[in-house]
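What follows draws every value from the coordinates through simple rules; no lab data is involved. Computed from a predicted model, the values in this text were never measured in an experiment. Note that we place each Cβ from the backbone using ideal geometry, even for glycine, and neighbour counts take in every protein chain shown.
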Amino acid sequence: MRKKLVAGNWKMHGSLRQNEALLQRLRAEAGALSCEVVVCPPFPYLAQAQALLEGSAVAWGAQSLSEFPQGAHTGEVSAGMLCDLGCRYVLVGHSERRSLYGESDSVVAGKFEAAVRAGLVPVLCVGETLSERESGVTGDVVRRQLDAVLDRVGVAGLASAVLAYEPVWAIGTGMTATPEQAQAVHALIRSHLAACGFEAASAIRILYGGSVKPQNAVELFGQPDVDGGLIGGAALVADDFLAICQAAN
Ligand code: PEP
């Protein structure tokens, strides 16, 4: 039985004051939830998350990391630095990183490897654009994104990872994949990993992300291969995020 996980991607939102209210509320209520809860604030607020969530049922993570361990990489943050702070999770290959910041499959694979080497839990995001879905190549795209990582770290490198299927056309658009569409891709991901020799394919957690709201979470999370969600906009509103976590209970 896979324990459900709900992760909030705050993107580039928040302030010390807003975060404090949200984190205090999550801290107070997450203990009663049966799913795992993770928040991913922007880098400057990770220390705040660490301080306010210590000893609570809420874990925290970063939204990205460098593929390099240290050196002349102005503006970057290494896996070691995240570990230093006590960070446990890190998003890798979010579609906004891929499309807005030019992260290729190979860069994403490098970041994934850096996370695994440091002992972080990478949450690897994969998903197709609208035109790719309409052209019928969703499976090809998702397999290509997975294979880039598998080529780099092998199946052993997936042991601690979490995957997130995030159709690009559903992120921040209010257009959600239907539960059937999500389930089909999640099942495809699992069977592809099994075909690649990953023995724990039935145990790895695959989150769905893309306009998840309290209104659609129960049905999405009720699909057999959907193990929770990666939540953007709704993760900034305590009532909504907690309701989504409840849906994963
Ligand atoms: C995301 O940012 O990963 C995401 C899924 O955003 P939203 O829930 O707003 O679509």
Test for Ala247: is it surrounded by fewer than 18 Cβ atoms within 10 Å (Cβ to Cβ), in contact with a Pro (Cβ under 9 Å, 6 or more places away or on another chain) and not acidic (Asp, Glu): no
Residue, farthest from the ligand (Cβ to nearest atom), within the range 71-100, restricted to residues that are part of a loop (DSSP other than H, G, I, E, B) and surrounded by 20 or more Cβ atoms within 10 Å (Cβ to Cβ): Cys87
Ala148 vs. criteria touching a residue at least 24 places away in the same chain (Cβ under 8 Å), in contact with a helix residue (DSSP H, G or I) (Cβ under 8 Å, 6 or more places away or on another chain), farther than 24 Å from Tyr45 by Cβ and of a type in the set (Gly, Ala, Ser): yes
Enumeration of residues in the range 101-116 that are within 14 Å of Val155 (Cα to Cα) and surrounded by fewer than 19 Cβ atoms within 10 Å (Cβ to Cβ): Glu113
Verdict on Ala62 being farther than 19 Å from Gly31 by Cβ and surrounded by 13 or more Cβ atoms within 10 Å (Cβ to Cβ): yes
Qualifying position, being touching a Lys or Arg at 6+ places or on another chain (Cβ under 7 Å) and touching a residue at least 60 places away in the same chain (Cβ under 8 Å), among Val126, Val121, Val168: Val121
Answer residue from the range 5-26, given it is away from the ligand (no atom under 16 Å from the Cβ) and under 20 Å from the mean Cα position of the chain (by Cα) and is nearest to Phe241 (Cα to Cα) among those: Leu26
Filtered residues of the range 133-183 (kept if within 19 Å of the chain's Cα centre (by Cα) and on the phi > 0 side of the Ramachandran plot): Gly172, Gly174
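Yes/no matrix, rows are residues, columns are (1) within 16 Å of Gly232 (Cα to Cα); (2) acidic (Asp, Glu); (3) in a helix (DSSP H, G or I):
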position: Lys3; (1), (2), (3): no, no, no
position: Val6; (1), (2), (3): yes, no, no
position: Leu33; (1), (2), (3): no, no, no
position: Val39; (1), (2), (3): yes, no, no
position: Tyr45; (1), (2), (3): no, no, yes
position: Gly61; (1), (2), (3): yes, no, no
position: Pro69; (1), (2), (3): no, no, no
